[in-house]
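The values are calculated or read from the model by the stated rules, or taken from the named source; none is laboratory data. These numbers were taken from a predicted model, which means no experiment stands behind them. Glycine gets a Cβ as well: all are built from the backbone with ideal geometry, and neighbour counts include every protein chain shown.
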Amino acid sequence: MKSLPLVSLGLLLVLIQNLLAESTYQPNWESLNARPSPSWFGDAKFGIFIHWGVYSVPAYCDKSTYSEWYWHWLRTKSHDGKVSNFHKSRYGEDVRYQDFAEDFKAELWDPIAWATLFKRAGAKYVVLVSKHHDGFALWPNKDASRTRGYPWNSVQTGPKRDLCGDLAEAVRDQGLRMGFYYSFMEWEHPLFDSDKERYVSEYMIPQFKELVERYRPDIVWPDGEWNEPDSLWRSPELVAWLYNTAPNIDTLVINDRWGKALRGQVGDFYTTEYGNIGGGSPGLRQNKPFEECRGIGHSFALNRLEDYDDYQTRESLVRMLIDLVSNGGNLLLNIGPAADGTIPVIMQDRLIAMGEWLEVHGDAIYGTRKSSLPGQAWGCVTEKGNKVFLHVFDWPEDHQLSVSGMKADHIKKAFLLHDDDHRLGIRSGDQGGVLIDLLGHHPFSKAASVVVLER
Ligand code: GLC
């Protein structure tokens, strides 16, 4: 047989490899759900969510809701006209939402300072809203402007910067992973309003692919999916494309917001929002990690009406993280920076509080799993290898910590994570379980102290 020239053989091999790779995942959820998820996400536990865009200019809404919905509240005169009345008196009826883009200047923005703060907070990943329901793209996506007929991305107007690109670089330089939120649906988009199928194929899919190919996010976090079925968004096809072609497939994770009533059913992790699954979901079905997202106040984007008492305290945030982690979840804690690019000091303070606690107690959070011990009245429990971590919220008045569901002779060693030079005494409790002697020791902070038990 005549031998093929070496070059053609090489080409043939590449072709076969590509064919094989392309057929790995089929565009249906059964095939896509069978993908083993990368483990880093379940170990990371803590990420930072960022809602920042044109809506950060008015930064205003009823305290019960989200300010990134400003345009919607304005059009629908919701909450007894809270936003529409404010808009009329402050800006005048002739000012359109679109006009705010010019005032979204980010003139004080320092992405390195942001990323340094996120690292200091102990976060392992960041998810930036690349495009919210208003359709404004935080990267130089030409189609956002072209399809609307006015400048509608952060390079052509407003900041005049590639916010997605600059932040991704700074975040990765700090050793954190980068992800993007992306809204499928858009308000006031001429194609979305007239022909949704064309909107998806001619605009949304190319835009989504551009975002992913340009920045290779490790977390793809869609939203705005809830009113339409996955067949309209063509999301099984999009996910198959991601899984089959992403060069970072070993680290890529996706959430569960891919179509009506699919939350809790698909993706590498499930999302809850202020404790709710939402989106018409029938509930959580598979054994995957979940991620709770929420603001420090009630809105995701900055709401200037929120004041001190609307923000979670340092202690409650630390406890929230512990509680979620002890239930097998992650916390994606949101910040809403100002239009000038600064992060309000109260949000900085809360992130730093997380970091101060995590710096000492990281071992009890990162890489841990839900414990098999029963619920404990004084706090929460996590586990990792031979270690059980007791997160003590309420330090016992008699300094004797009672742990149910364990036997004293199963424990080799007990100590406080913030004072690991001193061993703690262990004995069997009168009503079963174990008693740990904390006499002579002090809590780490008002938030929580951690007792480590080595088995
Ligand atoms: C929701 C909201 C939104 C927020 C998001 C975060 O779907 O529409 O404003 O961005 O969830 O989870």
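Overview of values
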item: Condition broken by Ala168, with the remaining ones in (1) out of contact with any helix residue (DSSP H, G or I) (no Cβ under 6 Å at 6 or more places or on another chain); (2) crowded, with 20+ Cβ neighbours inside 10 Å satisfied; result: (1)
item: Scan of the range 122-162 for residues that are basic (Lys, Arg) and within 16 Å of the ligand (Cβ to nearest atom), ordered by number; result: Lys131
item: Residue in the range 226-249 that is within 24 Å of Ala168 (Cα to Cα), buried (at least 22 other Cβ atoms within 10 Å of the Cβ), under 18 Å from the mean Cα position of the chain (by Cα) and of a type in the set (A, V, I, L, M, F, W, C) present; result: no
item: Yes/no for Tyr182 being of a type in the set (Ser, Thr, Tyr), farther than 18 Å from Thr271 by Cβ and at pLDDT 95 or above; result: no
item: Only one of Pro190, Pro217 that is more than 15 Å from the ligand (Cβ to nearest atom) and more than 24 Å from Phe269 (Cα to Cα); result: Pro190
item: Total residues in the range 241-259, condition within 17 Å of Tyr125 (Cβ to Cβ) and either among the polar types (S, T, N, Q) or not in a loop (DSSP other than H, G, I, E, B) (or both); result: 5
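Here is a yes/no grid of residues against (1) aliphatic (A, V, I, L, M); (2) assigned by TED's automatic domain parsing to the domain that holds Asn255; (3) surrounded by fewer than 16 Cβ atoms within 10 Å (Cβ to Cβ):
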site	(1), (2), (3)
Pro38	no, yes, no
Gly47	no, yes, no
Val54	yes, yes, no
Arg75	no, yes, yes
Asp80	no, yes, yes
Glu93	no, yes, yes
Trp109	no, yes, no
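Table: residues versus (1) away from the ligand (no atom under 14 Å from the Cβ); (2) of a type in the set (S, T, N, Q); (3) under 18 Å from Trp226 (Cα atoms).
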{"site": "Arg257", "(1), (2), (3)": "no, no, yes"}
{"site": "Gly283", "(1), (2), (3)": "yes, no, yes"}
{"site": "Thr313", "(1), (2), (3)": "yes, yes, no"}
{"site": "Leu331", "(1), (2), (3)": "no, no, no"}
